[in-house]
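The structure under discussion appears below in the form of structure tokens.
Nothing in this text is a laboratory measurement; each read-out follows from the coordinates by a stated rule. Because the structure is a prediction, the values reported are computed rather than measured. Cβ sites come from the backbone with ideal geometry, for glycine too, and all protein chains shown count toward neighbours.
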Amino acid sequence: MIVENPLALAYLLPGDVYILRDEKPALPGILPVETVATQPEIIAPVTQAHEPAPAYDKPESITEQPAAPIAPAIPKINQPPVAEAPVAGFKYTGGFQQKFLVVVNYPEHDVMDTAHMNALDSTIKRKELSLDDVAIFNIGKHPGTDIKAIGRFFKPKRMLLLGKESFPEGLAEPVFNQLTMLGTCQLLYSYSFNEMMGNKEQVKAFWEQMKML
């Protein structure tokens, strides 16, 4: 294409292509490139879509419950053991300090025949004991007494049965004139004083066992 008038080229091509830098000011109606105000590209602000803020619900008024009072600790009280059925109040003579029980049978006397009582007292003293250390129980005044009742009442550590008539109910006959054990109690079943009076052999046999009781 041949264009005689260079002004016509302005409508066909951009000015920078065909117009030399030195020629631009000479062309009427054309502004130099430097004088054309470059319009900045207007960028529309991007409005970010904000999620709607969650509605603030005012919490309901919380009424603070008063703390439950702490009950004071109550110390455990040990319950007393159930008492066994009480036994009959047995009458006996002596202080029973050494838990030494002597069982005799004299229904016609409160304790013993006087001569027999003196003989028993002498025997006890030979063991370096006294009436304060023993209990003389006249089973003749408590007929039908059970051995368990005697055990609950006296809880003896040593027991002397003088004669077969002094046996409590429920007691199996132990070996005669021989030191044995009744539970935790030392037991001697021997002659009565009625049998020993005037019989030195029986007195001697009795004493041989008695001194170990």
Between residue 177 and residue 199, what is the label-point separation in nm under the 7 Å Cα-to-beta-carbon projection? 0.8 nm
Total formal charge among the other residues, if their Cβ is under 14 angstrom from that of residue 104, Lys/Arg +1 and Asp/Glu -1: -3
Antiparallel as a % of all DSSP beta bridges within the range 97-213, to the nearest 5? 15 percent
Along the Cα→Cβ direction, 7 angstrom out, place labels at residue 126 and residue 157. What is the inter-label distance in nm? 2.3 nm
Burial order of peptide ranges 166-179, 96-109 (average beta-carbon count within 10 Å, highest first): 96-109, 166-179
For the pair residue 110/residue 164, report the inter-label distance in nm, with labels modelled 7 Å from Cα in the Cβ direction. 3.2 nm
